[in-house]
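The values are calculated or read from the model by the stated rules, or taken from the named source; none is laboratory data. What you are looking at is a predicted structure, and each value in this text was computed from that prediction instead of being measured. Positions of Cβ are generated from backbone atoms using ideal geometry, with glycine treated the same way; all protein chains shown enter the neighbour counts. Side chains are part of the model used for accessible areas, which takes the heavy atoms of the whole protein and leaves out ligands, DNA and RNA. Shrake-Rupley method; radii C 1.70, N 1.55, O 1.52, S 1.80 Å.
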Amino acid sequence: MGEYFTTDLWSSREWLRDATAWIDDNLERRGITRIPTSPRQPRLRPWSTLLVVDTDHGRVWFKAGAPQQRAEVPVLDALTDVAPDLVPTLWSADAERGWLLVPDQGPTLRDVADAQNITGHLSAVLRRYARAQRASVKVVDAMAAAGVPTLRPCDLVQEWTSEGLTAEATPALRDAAARLDAVGLPTTVQHDDLHAGNVFVADAASASMHDSRILDWGDTYLGNPLCSLLIPLRGPSYHFDLPADPERDARMVRACLACWSDLASSAELSKVLPDALLLARVGRIIGWRRALANATDAQKRQWSDHPMQWVKEVVAAVRSARRR
């Protein structure tokens, strides 16, 4: 198709007509009829767009991802085989176009949680997610073959250097990657945006966390499992305005690390966690680069603060460690 701006494509009459026809075809196979006043397009971003589809069987969601974000379909396919209770029910998918069709999954954790229960709820989700990461080891090769990016610790360092980012951080990143690799954890699925807005739950009851499902796998890569902790550790402060709390962080970390206790001790894993969080920041930079690959110049300027903030955090973390 050549170079194009995704938002121009997804807002075009022709694309909306084609997407609606695809939705109708897949709904019809299930004996479901779309209500003619839909679909509506509540979100349009350079990396993905959503359509809300009202039907005679309830609400359905359609998602299209940019070419660089099309890992989501093979990730969902693979995880459905090994951790089907963790991912949303997938009604239809087109891997080539990055299209997904799913029934409404209910509220998100961000919708139902509050400052008092978010730590316990996120801890339960992380425990569940870590078990799914462990199971994903069986399908890592299949996901890689289907085009899901592989970004092991050494790959993240290579991406940092190839991007020409601040050279002073490179030695520290290499050392962090070496320490993290030495622990011996396997390469697993790495969601890379695991926050409370990307977790479906039935309600705010603690028991509902055991049936939670994780959505929005567009930023996924295959890498070190501990890198997944970067975003959830920030969640309580970001979404609920809670102050920094080492005890809260430790509780969530323990929930995740317990899954790997037969491969490495808690002390070993805790020791390399700062290395994983440092390298995970590089993963976020790469994720933003992919997300904005088909953005307009104006959109790249609009979102440029996000990848640059991660660059600044890498440099600041390296300098801080050097002073200690």
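Observations on the structure shown:
- Working note: Debye formula, equal point scatterers on the alpha-carbon atoms of the range 56-100, no solvent; log10 I(q)/I(0) at q = 0.26 Å⁻¹ is -0.96.
- Rounded D (µm²/s) - the chain, Kirkwood Rh over Cα pairs, Stokes-Einstein at 20 °C, 1.002 mPa s: 104
- Cα convex hull volume per residue for the range 30-81 (Å³): 97
- The chain, helix-only ellipticity at 222 nm - DSSP H runs n ≥ 4, -39,500 (n - 2.57), divided by all residues, nearest 500: -15500 deg cm²/dmol
- Sorted peptide list for 172-185, 277-290, criterion being average Cβ within 10 angstrom, highest first: 277-290, 172-185
- Kirkwood hydrodynamic radius over Cα pairs of the range 237-304, then Stokes diffusion coefficient at 37 °C and 0.692 mPa s, in µm²/s: 220
- Crossing angle, helix 13-28 versus the chain [Cα axis fit, 0-90 degrees, rounded to tens]: 80
- For the range 1-110, average projected area of the Cα convex hull in nm²: 7.6
- Dimensions (Å) - the range 148-301, Cα atoms, principal axes, largest first: 47, 42, 32
- ³J(HN,Hα) computed for each position of the range 312-318 - Karplus, 6.51 cos²θ - 1.76 cosθ + 1.60, integer Hz, glycine/proline x: 4, 5, 4, 4, 5, 5, 5
- Apportionment of accessible area to carbon and sulfur, the chain, percent (1.4 Å): 50
- The range 43-113 - percent relative contact order, Cα under 8 Å, separation 6 or more: 30
- Take 226-234, 39-47, 123-131 and order them by the average number of nearby Cβ atoms within 10 Å per residue, most first; the result is 226-234, 123-131, 39-47.
- Solvent-accessible area per residue for the chain (1.4 angstrom probe, square angstrom): 46
- Shape summary: the range 33-192 maps onto an equivalent ellipsoid whose semi-axes, from the alpha-carbon gyration tensor, are 33, 20, 17 Å in decreasing order.
- Per-pair calculated FRET efficiency, R0 = 25 Å: Lys300 and Ser237 via Cβ, rounded to 0.05: 0.35
- For the chain, the longest principal axis of the Cα atoms and the long axis of helix 153-162 meet at an angle of about 80 degrees.
- Pairwise Cα inverse-distance average, inverted: Kirkwood Rh of the range 112-172 (Å): 15.0
- In Hz, Karplus ³J(HN,Hα) per residue of the range 103-109 (6.51, -1.76, 1.60; θ = phi - 60°; x = Gly, Pro): x, 4, 9, x, x, 9, 4
- Prolate is the label for the range 144-225, because the ratio a/c of its alpha-carbon gyration tensor axes (a ≥ b ≥ c) is 1.5 or higher and a/b is greater than b/c.
- log10 of Debye I(q)/I(0), alpha-carbon scatterers only, for the range 274-324 at 0.12, 0.16, 0.28 Å⁻¹: -0.31, -0.50, -1.01
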